[in-house]
1. Determine ³J(HN,Hα), in whole Hz, for all residues of segment 121-132 in sequence, where each value follows from phi through the Karplus function 6.51 cos²θ - 1.76 cosθ + 1.60 and θ = phi - 60°; x replaces Gly and Pro.
2. Can you list residues from other chains, or at least 5 along the same chain, whose modelled amide H is less than 5 Å from the amide H of TYR160?
3. When the Karplus curve 6.51 cos²θ - 1.76 cosθ + 1.60 is applied with θ = phi - 60°, which whole-Hz ³J(HN,Hα) does each residue of segment 134-139 get, with x for Gly and Pro?
4. Report, ordered by chain and residue number, the lysines lying within cross-link reach of LYS168, taken as a straight Cα distance under 21 Å and ignoring same-chain residues fewer than 8 apart.
5. Write down the accessible area per residue of segment 1-150 in Å², having rolled a 1.4 Å probe over the full set of protein chains.
6. Quick one: Kirkwood hydrodynamic radius for segment 86-139, alpha-carbon pairs, angstrom, one decimal?
7. Each residue of segment 163-175 in turn: what ³J(HN,Hα) in whole Hz from Karplus with 6.51, -1.76, 1.60 and θ = phi - 60°, glycine and Pro shown as x?
8. Please tell me the relative contact order of segment 199-313 in percent, rounded to the nearest whole number, where contacts are Cα pairs under 8 Å and at least six residues apart.
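The values are calculated or read from the model by the stated rules, or taken from the named source; none is laboratory data. As the structure is a computational prediction, the values presented were derived from the model and not from experiment. Here the Cβ positions follow ideal geometry from the backbone for every residue, glycine too, while neighbour counts run over all protein chains shown. When the accessible area is computed, the model is the full protein with side chains, heavy atoms only, and any ligands, DNA or RNA have been set aside. Shrake-Rupley method; radii C 1.70, N 1.55, O 1.52, S 1.80 Å.
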Amino acid sequence: MVIVGGITRLTNSGLSMTDWHLVTDTFPPLSDAKWEEAFQQYKQFPEYKKINIHNDFTLSDYKYIYFWEWFHRLIGRVIGIVFIIPFIYFLIRKKLDKSTIKKSIILLGLGSLQGFFGWFMVRSGLIDNPDVSHFRLALHLTTAFITFAYTFWVALDLIYPEKVKIEKSLRTIARFALALLLLQIIYGGFVAGLNAGLIHNHWPLMSDGQFIHESVFLEQKNLFLSFIEGKSGVQFIHRTLAYIVVASIVFLYFKSKKFTLSKAQTNGINLLLVLVFVQFILGVFTLLYGVPVWLGLAHQISAFFLLSAMTFTLHRLSK
């Protein structure tokens, strides 16, 4: 789902399906007439009127972007079915304790909320602006990551039912690192939504001789708006947060050396350290090469695995 969602965003496919129906959208148009009808409907919306009408955009091009958005929605439906049917089955068979039932209901709510946020995001690009709101895109992306992280956490509760020794100082650092990582994921959504990775394609400075580009101070009315709505400002925050996230995980790693930890705890921290550097390097190359689809996708997938390692590590340091 994360991979297809990344492709959908990077290929600008998210606004191809201009309406939403639970049943009839399960399959793509099955005849030439239906395809033409869908294409004509797409032509009534801002993305075609303001952008693609000037790009010799054909029905074949439309089928390509339609596929990725349709496939993204289809996987969402499949995930819902994969969750709900076993949940009802185990509920009827009385195989779930009260704690697991409560967690499962939270998961069901998160999944439903994620579907709503997807619609809420797409809706923002079908009115006047031929692109979705970067705030709504970040909301959709971050909720997806949080939904996965909580799903993984529930699974870890079942995989590791036994208690382990807790080092509270390490748990506190891990919680802080997780908060920083989630903030970085939010800003990754801002960068994607604003296409802010297509400018200032230099590293480690934003341009020759400038750690913070002068446009950060000029593109909005004030610095706060620049940091949440300006392309340069958002990119600067995303760049800077990357260093802070790396530093927090490096600190956790060296701090952990002072304690005797379990094998799972040690493995989690070691994996976390490796993945944060992989993610950092991918981020740098994604920026330097102007966000090619494959690198942008690799950067997003790497963030997913980094959050996975963070969730596992925090769980082993908490339970």
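1. Residue by residue, segment 121-132 yields 5, 4, 4, 5, x, 10, 9, 10, 8, x, 8, 6 Hz.
2. Counting only residues 5 or more places away or on other chains, the set is empty.
3. So the Karplus estimates, Gly and Pro as x, are 5, 5, 6, 5, 5, 5 Hz.
4. LYS255, LYS257, LYS258, LYS263, LYS319
5. On the way: 8760 Å² over 150 residues.
Dividing the accessible area of segment 1-150 by its residue count gives 58 Å².
6. This gives a value of 13.3 Å.
7. In residue order, the calculated couplings are 7, 10, 5, 9, 9, 4, 5, 5, 4, 5, 5, 5, 5 Hz.
8. Worked out over segment 199-313, it gives 22 percent.
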